[in-house]
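Let me begin by presenting the structure, written as C-alpha cells, before commenting on it.
The values are calculated or read from the model by the stated rules, or taken from the named source; none is laboratory data. Computed from a predicted structure; not experimentally measured. Note that each Cβ is placed from the backbone with ideal geometry, even for glycine, and that neighbours are counted across all protein chains shown. We work out accessible area using only protein heavy atoms, side chains counted, and drop any ligands, DNA or RNA first. Shrake-Rupley method; radii C 1.70, N 1.55, O 1.52, S 1.80 Å.
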Amino acid sequence: MAKMTLEELRKLRQQVQGDLQKRDIEGKDSRIIIGMGTCGIAAGAKETLDGFLSALDEKKITNISVTQTGCMGLCYVEPTVEVIVPNMPTVIYGKVDKETAKKIIEEHIGAGRLVTDHIYDRPAADIIKKDGGR
Amino acid sequence: MAFRNYILVCGGTACESIKSDQIYKNLIKACEDHGIADEVQIVKTGCFGFCEQGPIVKVLPEDAFYVKVEPKDAEEIIAEHVIKGRQVERLLYDKSSSTRHARVEDIQFYQKQFRIVLRNCGFINPESIDEYIAREGYQGLERALFEMTSEDIIEELKNSGLRGRGGAGFPTWMKWNFTRQAKEDIKYVVCNADEGDPGAYMDRSTLEGDPHSVIEAMTICGKTIGAHKGYIYIRAEYPLAIDRLEIAMQQAREYGLLGKDILGSGFDFDIEIRLGAGAFVCGEETALLQSIEGKRGMPQPRPPFPAVKGLWGKPTVINNVETWANIPVIITRGATWFSKIGTSDSKGTKVFALTGKIRNSGLVEVPMGTTLRDIIFDIGGGIAGGKKFKAVQTGGPSGGVLTEEYLDTPIDFGSLVKAGSMMGSGGMIVMDEDDCIVDVAKFYLDFSVDESCGKCAPCRIGGKSLHRILEKITKGNGVIEDIATMEAIGEAMKKGSLCALGQTTPNPILSSLEHFKDEYLAHIEDKKCPSGTCKDLISYWILEDKCTGCTICARKCPVDAISGARKEIHVIDQAACTQCGVCYEMCRFDAIEIR
C-alpha cells in the first residue's frame with residue numbers, strides 16, 4: 001500500500017476492525033494462533049506450528065488460518081495456542097506439543113470437543129475490546 | 001455447535017486438592033442422569049489462577065463463572081443452568097457483596113491482572129500492522145499530529161502521572177518538557193531496550209509481541225519535542241525482537257506512518273535500530289548514549305542530563321520500552337482514564353517477570369498498588385512443590401530481598417524503596433526455604449562485578465572486595481568483623497560510585513543482611529549453611545536406622561565415597577565426599593541427612 005493520509009488511515013482502521021471482529025461470527029473461517037515469542041519458541045512452538053500444519057494437511061482442511069502472536073504471559077504452560085472456531089467457545093490451550101496439536105485438530109476442530117487438561121485462561125481482560133476505543 | 005454447553009472444571013493442583021475431581025465426576029453423572037450426556041462436554045482444565053476462590057467451574061458459552069463449588073453442587077448446575085437455562089446465583093462470583101457479576105468481560109474484578117502495556121501481546125500478529133491498527137493502533141499518533149499541540153501532549157502526560165518504568169520512576173512529562181524547551185535545532189528520541197537484569201524479560205516480550213506500540217510512541221514524542229530522529233538501542237541477543245521491530249518499521253514506512261510527511265501532516269520522523277553487545281552498564285542512560293555514538297559504553301557524570309545534553313550533545317528524551325508502550329494508550333484514552341489506575345503517587349500498571357520457585361511463572365501486569373501477596377500467591381499460584389516462602393527479590397542486581405512481613409506491601413515506587421528494595425525494571429524472583437540468602441547475594445555480586453565497566457574506583461574495587469568477603473563466608477572462613485566491613489564498603493559505594501550500577505551493587509547484600517542476619521551469622525560463627533546450599537559448609541550422613549542397604553547411593557556416587565554391602569548400612573567417607581548431593585536426591589528412604 002502507498003503512503004496514507006489521515007482519512008485513509010481512519011478508513012483502513014474501520015475496515016480491519018471489521019475483519020478482526022468477523023472471526024467471531026458464525027460460518028467464517030477459523031483461526032489457530034500460536035504464541036511465538038522467544039519464550040514460546042524456546043518451549044517448542046515451532047514444532048507445535050509444524051504439528052498443526054501437517055495435521056491440517058493430512059486431513060485436507062483448508063479453511064483454517066494458522067498465525068502467530070507474541071507472548072501471552074503464561075510462561076509456565078508454553079507453548080500456548082488460541083483456537084477460534086465458529087460455534088465453539090474461543091479457547092486457550094497450554095503445553096501444546098506436536099501430539100496435542102494433532103489432538104486439537106481431531107477433537108476440537110473435527111469433533112467439536114474441547115481437549116481436556118490443556119485449557120487455560122487469558123491472564124487479563126482485553127482492555128481494547130471492553131472499552132471499544134475512545 | 002457440537003455441544004450445547006461446555007463445562008470447564010479447574011484441574012489445577014490447588015483446585016484438585018479441594019475435590020475438583022469429584023466435581024468433575026459428579027457433573028458427568030448428573031448429565032447421564034438427565035440424559036444429556038451427548039449434549040454437554042465436561043472438560044478438565046489447567047489452573048485458572050484464581051485459587052483462593054477455588055474450585056472453579058466455568059460454563060460456556062454463557063461464561064458463567066462459579067466459585068467455591070462443592071461436589072454436591074454438580075446436580076444443581078446441570079439441572080438449573082444447563083437444562084433450565086437459569087444460572088446458579090449463589091455460586092456465581094461475587095465481586096462485591098451487593099452486585100453479583102460473573103461475565104468474563106468483567107474480568108478485572110476477579111482477575112488481579114490489568115494489561116495496558118501488554119494489551120496486544122498474545123492478541124495480534126506482531127508482524128501485521130493491520131492488526132495493530134484495528135486495535136486502536138496509531139490513533140494516539142493521529143491525535144498528536146492533528147488534534148493536539150505539544151503543550152497539550154505534555155499536559156496530558158503530566159495529568160496521567162506516568163513515571164519512567166526503567167527503575168528510577170522519574171516523571172515522564174518532565175523529561176519530555178525539558179527537551180521540548182531546549183533551544184536546539186536537532187533533538188533525539190531514544191528507546192532503551194537494553195534489558196539486562198537476570199530473570200527479566202518484560203521488554204523483550206513487549207517488543208516481540210507489540211513492536212508498533214513503541215514506534216508509535218516514539219513518533220508522538222518526536223512531534224512533541226521537535227525531534228525528527230529516533231534510535232532504539234537493543235541488545236543483539238534479542239534477535240526475534242529485532243526482526244519484528246525491523247518488519248514493523250518497514251510496514252509503518254510503507255503506510256506513511258514513519259518517514260517523511262507522516263499522514264500528510266508535514267511532520268518527518270524516522271527510527272534506526274542500534275545493537276548493543278549486551279553490557280549491563282549500557283542500560284544506564286549516559287553509557288547507552290555513548291554506545292550509540294560508537295564509543296565504549298561508560299557512564300558520564302550527570303548533570304548535564306540527557307534531556308538537555310544527550311546524544312551527540314543534543315537534547316534527548318530517553319525512555320524505557322515499557323514507558324513507551326504506555327504512551328499511545330494515554331494519548332488515545334486520555335489522562336483521566338489512565339490516572340484512575342494505580343495509587344496516588346504511582347499511576348498505571350507495572351509489568352513483572354515472575355520467576356524462581358513459583359508455581360505459575362510468567363509475565364504479569366498489575367495495577368500499581370497490588371500487593372506482593374496477590375502477585376505471588378494468587379497470580380503465581382504460590383510456591384512450587386509445597387515449600388515455604390522465604391523471600392522475593394525485586395529490582396534485580398540493584399534491588400533487594402523482601403521477606404514475608406512485606407508481602408502485604410502495595411507495589412509502587414515509594415513503598416518498595418521504603419521496604420528496602422526497589423521497583424527496578426520488573427524482575428521478580430521468588431525464593432523458598434531451600435535457597436541460601438548468602439549464596440543469592442553472591443550470585444548478584446558475581447553479576448555486578450562482572451558487569452562493572454571499571455571506570456570509577458568505588459564500583460570497580462568495592463564490588464570486588466565485597467565479592468571476596470562473600471566468597472570467604474560461603475567457604476566457612478568468615479569472621480564476625482566481615483559484616484561491618486561489608487556494610488562500610490556498601491555505604492561507600494552508594495555514595496561514591498559514578499552511576500546507578502555501582503551505587504546499587506551493594507543492595508542485595510545490605511538488604512539481605514538486614515532481613516537475614518542470622519543466616520550470615522550461621523555461616524560465619526557456626527560454619528553452617530542452614531539451607532544446605534553452600535557446599536563447603538555441609539556434610540552428608542547416612543542415618544543408620546533408615547538405611548536399608550539398597551546400594552543405590554553407592555552406585556550413583558560419582559566419586560565412590562560410599563561403601564557398604566547389599567542389605568547392610570552404608571557409610572559416607574567424609575574425606576572423599578564432594579558434597580554433590582546425588583545420594584541425597586537418589587535415596588528413597590530419607591536415610592541421608594545434611595549436617
Check: Round to a whole number: what % of the accessible area of region B:244-327 belongs to carbon and sulfur, probe 1.4 Å?
Finding: 52
Checklist line | Extension reserve of the B:GLU272-B:GLU481 stretch, reckoned as 0.36 nm per residue once the Cα distance is removed | finding: 70.0 nm
Note to self: Suppose R0 equals 25 Å. What FRET efficiency, 1/(1 + (r/R0)^6) with r the Cβ-Cβ distance, do B:LYS517 and B:TRP541 give to the nearest 0.05?
What the structure shows: 0.35
Check: How about region A:48-83: which of its residues lose at least 20 Å² of accessible area in the presence of all protein chains relative to their chain isolated, using a 1.4 Å probe?
Finding: A:GLN68, A:THR69, A:GLY70, A:CYS71, A:MET72, A:GLY73, A:CYS75, A:TYR76
Check: What's the average, rounded to a whole number, of partner chain beta-carbon atoms within 10 Å of each residue's beta-carbon in B:541-552?
Finding: 0
Note to self: With N set to the number of residues, divide the alpha-carbon radius of gyration of region B:317-365 by 2.2 N^0.38 Å and report two decimals.
What the structure shows: 1.40
Notebook entry, point to check: Charges only on Cβ, +1 for Lys and Arg, -1 for Asp and Glu: so what's the dipole of the protein assembly as shown about the Cα centre, in debye to the nearest 20?
Noted result: 1000
Margin query: Let's test the formula: R0 of 56 Å, r as the Cβ-Cβ distance of A:ALA2 and A:GLU106. What FRET efficiency results, to the nearest 0.05?
Written below: 0.80
Check: In vacuo Debye scattering of region B:251-399, one point per C-alpha: log10 I(q)/I(0) at q = 0.13, 0.15, 0.18, 0.19 Å⁻¹?
Finding: -0.92, -1.10, -1.21, -1.23
Next item on the list: Please find, in a Gaussian network model of chain A (springs between Cα atoms separated by less than 10 Å), the residue of A:LYS59, A:LYS102, A:LYS46 whose mean-square fluctuation is greatest.
Entry: A:LYS59
Next item on the list: Hey, can you grab everything whose amide H is under 5 Å from the amide H of B:ILE42? Only 5+ residues off in sequence or another chain; H modelled, so Pro and N-termini drop out.
Entry: B:ILE7
Notebook entry, point to check: Per residue, how much accessible area does chain A show when a 1.4 Å probe rolls over the protein heavy atoms, in square angstrom?
Noted result: 46
Item checked: Full-extension gain in nm, A:ASP57 to A:ARG10, via 0.36 nm per residue minus C-alpha separation -> 13.1 nm
Item checked: J(HN,Hα) series, region B:539-553, from Karplus relation 6.51 cos²θ - 1.76 cosθ + 1.60, nearest Hz, glycine and proline x -> 9, 9, 10, 9, 7, 4, 7, 10, 5, 9, x, 6, 6, 5, 5
Next item on the list: Compute the FRET efficiency between B:ARG302 and B:VAL582 as 1/(1 + (r/R0)^6), taking r as their Cβ-Cβ distance and R0 = 45 Å, and round to the nearest 0.05.
Entry: 0.30
Check: Length gain on complete extension for the stretch B:THR149 to B:ALA492, per 0.36 nm per residue less the alpha carbon to alpha carbon distance?
Finding: 118.8 nm
Notebook entry, point to check: Can you pull the mean other chain C-beta count within 10 Å for peptide B:243-256?
Noted result: 2
Check: So how do B:162-171, B:115-124, A:108-117 stack up, highest first, on mean other-Cβ count within 10 Å?
Finding: B:115-124, B:162-171, A:108-117
Check: If you project the alpha carbons of chain B onto their three principal axes, what span does each projection cover, largest first, in Å?
Finding: 87, 76, 40
Next item on the list: State the volume of the convex hull built on the alpha-carbon positions of the protein assembly as shown, expressed per residue in Å³ and rounded to an integer.
Entry: 182
Check: Relative to the compact globular guide of 2.2 N^0.38 Å, what is the alpha carbon radius of gyration of region B:259-343, as a ratio?
Finding: 1.37
Check: DSSP beta bridges in the protein assembly as shown, what fraction antiparallel, as a percent rounded to 5?
Finding: 55
Item checked: Cβ neighbours within 10 Å from other chains - mean over B:446-453 -> 0
Next item on the list: Report P(r) for region B:506-578: all Cα-Cα distances, bin width 5 Å, range 0 to the bin holding the largest distance, values in whole percent.
Entry: 3, 15, 18, 16, 14, 9, 9, 8, 5, 2, 0
Notebook entry, point to check: Excluding ligands, DNA and RNA, what is the solvent-accessible area per residue of region B:176-235 at a probe of 1.4 Å, expressed in Å²?
Noted result: 23
Item checked: Distance (nanometres) between label positions extended 7 Å along Cα→Cβ at B:GLU405 and A:LYS98 -> 5.5
Check: Given charges of +1 on the Cβ of Lys and Arg and -1 on the Cβ of Asp and Glu, with all other atoms neutral, how large is the dipole of chain B about its Cα centre, in debye to the nearest 20?
Finding: 900
Note to self: 7 Å from Cα along Cα→Cβ at both B:HIS34 and B:ALA168: what's the point-to-point distance in nm?
What the structure shows: 6.2
Check: Short version: ³J(HN,Hα) in whole Hz for each residue of region B:352-363, in order, from phi by Karplus 6.51 cos²θ - 1.76 cosθ + 1.60 (θ = phi - 60°), x for Gly and Pro, what are they?
Finding: 10, 9, 8, 9, x, 7, 10, 5, 9, 6, x, 8
Checklist line | Ranked order, A:ASP19, B:ASP378 - accessible area, probe 1.4 Å, largest first | finding: A:ASP19, B:ASP378
Note to self: How many angstrom lie between the Cα centre of region B:494-549 and the Cα centre of region B:277-309?
What the structure shows: 35
Item checked: Computed over region B:315-472, Cα set: Rg, Dmax in Å -> 17.6, 56
Next item on the list: Determine the per residue accessible area of region B:523-564 with all protein chains present and a 1.4 angstrom probe, expressed in square angstrom.
Entry: 54
Checklist line | Cross-link reach list, lysines versus B:LYS567, counting only Cα pairs under 21 Å and skipping chain neighbours closer than eight places | finding: B:LYS546, B:LYS556
Item checked: Dipole magnitude of chain A, debye to nearest 20 (Cβ charges: Lys/Arg +1, Asp/Glu -1, about Cα centre) -> 480
Item checked: Packing-based order for B:524-531, A:61-68, using average beta carbon neighbours within 10 Å, highest first -> B:524-531, A:61-68
Next item on the list: Could you check what % of the DSSP bridge pairs in chain B are antiparallel, to the nearest 5?
Entry: 55
Margin query: Please list, in order along region B:268-279, the HN-Hα scalar couplings obtained from phi with the Karplus expression 6.51 cos²θ - 1.76 cosθ + 1.60 (θ = phi - 60°), rounded to whole Hz, x for Gly and Pro.
Written below: 9, 7, 9, 10, 10, 9, 10, 8, x, 8, x, 7
Checklist line | Approximate spin-label separation B:GLU246-B:ALA565, in nm, with each point projected 7 Å along Cα-to-Cβ | finding: 7.0
Check: With solvent modelled as a 1.4 Å probe, how much accessible area in total do chains A and B shield from it at their shared surface, in Å² to the nearest 100?
Finding: 5500
Item checked: Spherically averaged projected area of region B:127-259 from its Cα convex hull (nm²) -> 8.5
